[in-house]
Structure formats: structure tokens, C-alpha cells
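Worksheet for the structure shown next.
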Ligand SMILES: Cc1cc2nc3c(=O)[nH]c(=O)nc-3n(C[C@H](O)[C@H](O)[C@H](O)COP(=O)(O)OP(=O)(O)OC[C@H]3O[C@@H](n4cnc5c(N)ncnc54)[C@H](O)[C@@H]3O)c2cc1C
Ligand code: FES
């Protein structure tokens, strides 16, 4: 969890917007304070326009950090994301962040990081791979989608892909690709999985990792209002250490959780 003293609420300048296909855009926001303290896995809560509608901000993973700029990768799914993707260069948007916890990459408990993502869940992986690279930690990106146009591999390195329809890469889902890569010996040493994507994918992944004793961290989503533990809108039910169900505020205790909490 980010100390509240490092969370900034700033008017960030939109410096670039790039449509990259499949209803997805990458938006660059100049916000030096957030860029300086962001860690991979953190998110920002963005007011998508200057109007009172939509009222609530929308949460987005930090896709990349470049100097004073953060990038977010936004998939259009409704009114807020549609308005955000229409933002033009020079627009000022209110951005709160960095928020939430981050991926655990400094533990020394693994030799190769396996970055497993599906659909728009690939958004946090570029910042994560850059942070791993900076520490000299080997990694492999495994990216899944229903079909080839869903694969958001732009900018990623060491990348293998899987599509449900076999139109690109491995024919199957990304969890099957992970099993295949491990069985083929393509990822040396001890593994740790870092993942983001749709819940059914994350559940299957969590179960495989638990059965294989592979440490695993998942970045989850829920509907979020405030992003800082005030509105109680982001409650999710997870396993606790005793195997019982407990409810947590995902914006405060997540969005990154231990995979063992998501197996049931
Ligand atoms: C921690 C976190 C990180 C995320 N990172 C990304 C990202 O990097 N890229 C990306 O494209 N999307 C990301 N999302 C999802 C994104 O926030 C939602 O797609 C967006 O808020 C939908 O807004 P909308 O107004 O376009 O959709 P709406 O028209 O409001 O609803 C469309 C769908 O989005 C869901 N939704 C609505 N509001 C929210 C909300 N505040 N939070 C979550 N889901 C909501 C609704 O349940 C519905 O299924 C993230 C969500 C969370 C919680
Ligand atoms: S989003 Fe408001 S409490 Fe989590």
C-alpha cells in the first residue's frame, strides 16, 4: 500500500493519445509527482472530463512511466472510457495516484518472472517488465486473447502469445500456454507468476499455480469510486489464510493479491 503522503491529486496534461486497435488507446499524461513514485501494479483514478458527468473517476493501471509522463492503456467499454479515449492533446485531466499496492518483485524468491495476461489485462505488464529489467531479473511475457486482434503486445519483449481461435501463437488459452512453456523448460529456475486479466483466466491460473507450488500474484478489478478506501464500492470476497472467505477493499489491500486468495 502506498503511503497516503505520496498520493497526489493533480491536473495532468494529456501529451499524446494513440489508438492501437481493438478499441484500445494509449494516453500519455504529464504528472511528474505520480511518475516519480509509481511502482508496477499501481493504478491511477482519472476524472475523464471536466463535466460533472460521469461523476466518478475511473481506475486504470499504470501502463508505462517515461520521465515525467505516465501512460495508461484504455479499452473503451462504456461512457467514461469512450470520453477518455476522445481526450485531445493539451487537455488537463484530474489524476489521483499512484494508488494501491504493487507487484512483489524484490523478494529474491524466484529466478524467472512469468508475466501472464489476457486482453486489456496486459496493460500493467510493460511497466512491470521494465522494472524487472532494471533489476536484471529474467522474465517471459505470456499474452492471451480470443483472437489475434485482441493481443496487446505492443512494446513488450520476450513475448509468447496464445489465441483461443489459433489465429496467432499457441492455439489455446494463456494458462495452457504457461503450462506448455514450463513443461518445455523455456523458463529456467524458480518461477513466480504475475498476472492480470479476466477473472475466469485468473482463477484457472491461481489453481494451477497453487497445485504446482508456484508463487503467484494477481491484479484484480472491481468497480471503484474513490480509489482510496472511502466509498466501500470496491469490496471483493477472497480466501483468507485459514481458507475462509473474507471481504476486502480492493483499492486499499489490492489490486495485487496473492493467488492463493483467489483459488476457491
Ligand atoms: C484497479 C483497476 C485497474 C484497471 N485498469 C484498467 C486499465 O489499465 N485499462 C482499462 O481499459 N481498464 C482498466 N480497468 C477497468 C476500467 O476502470 C473500467 O473499464 C472503466 O472504469 C469503465 O468505465 P466506463 O464508464 O467506460 O464504463 P461503464 O459504462 O461505467 O461500465 C461498463 C463496464 O465497466 C464496469 N465499470 C464501471 N465503472 C467502473 C469502475 N469505476 N471500476 C471498474 N469497473 C467499472 C461496469 O461494471 C461495466 O461492466 C481497471 C479497473 C480497476 C479496478
Ligand atoms: S474504491 Fe472507494 S473504497 Fe475502494
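No lab work stands behind these numbers, since they all come straight from the coordinates. Remember, it's a predicted structure, so these values are computed and weren't measured experimentally. FYI the Cβ positions are ideal-geometry reconstructions off the backbone, even for glycines, and counts take in every protein chain you see.
May I ask you to derive the relative contact order of the chain, considering only C-alpha pairs under 8 Å and at least 6 residues apart, and to give it as an integer percent? Walk me through the numbers before you get to the answer.
Numbers: 622 pairs, mean separation 46.2, N = 264.
Relative CO of the chain lands at 17 percent.
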Checklist entry - What is the extension gain from residue 130 to residue 167, computed as 0.36 nm multiplied by their sequence separation minus the C-alpha to C-alpha distance, in nm to one decimal? => result 10.5 nm
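May I ask what percent, to the nearest 5, of DSSP beta bridges between residues of the chain are antiparallel?
Details: 38 of 61 bridges.
Bridges in the chain are about 60 percent antiparallel.
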Item to check | Degrees, to the nearest 10: 199-211 long Cα axis against longest axis of the chain | outcome: 40 degrees
Next on the checklist: Using Cα springs under 10 Å in a Gaussian network model of the chain, which residue among 31, 89, 196 shows the largest mean-square fluctuation?
Outcome noted: 89
Next on the checklist: Could you give the length gained by full extension between residue 68 and residue 16, i.e. 0.36 nm per residue of separation minus their alpha carbon distance, to one decimal place?
Outcome noted: 17.4 nm
Next on the checklist: How many angstrom lie between the Cα centre of the range 185-235 and the Cα centre of the range 103-176?
Outcome noted: 13 Å
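Which order do the peptides 32-39, 171-178, 93-100 take when ranked by the mean count of other beta-carbon atoms within 10 Å per residue, highest first?
Ranking the peptides 32-39, 171-178, 93-100 by packing returns 93-100, 171-178, 32-39.
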Checklist entry - What does the highest-first list of 73-86, 228-241 look like by mean Cβ count within 10 Å? => result 73-86, 228-241
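Tell me the mean residue ellipticity at 222 nm calculated for the chain from its helices only (DSSP H runs of n ≥ 4, each -39500 (n - 2.57), averaged over every residue, nearest 500). If you can, show how the numbers build up before the last one.
On the way: 6 runs with 50 residues, N = 264.
Computed mean residue ellipticity for the chain: -5000 deg cm²/dmol.
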Next on the checklist: Quick check on packing: order 114-124, 242-252, 206-216 by the mean number of other C-beta atoms within 10 Å, highest mean leading.
Outcome noted: 114-124, 206-216, 242-252
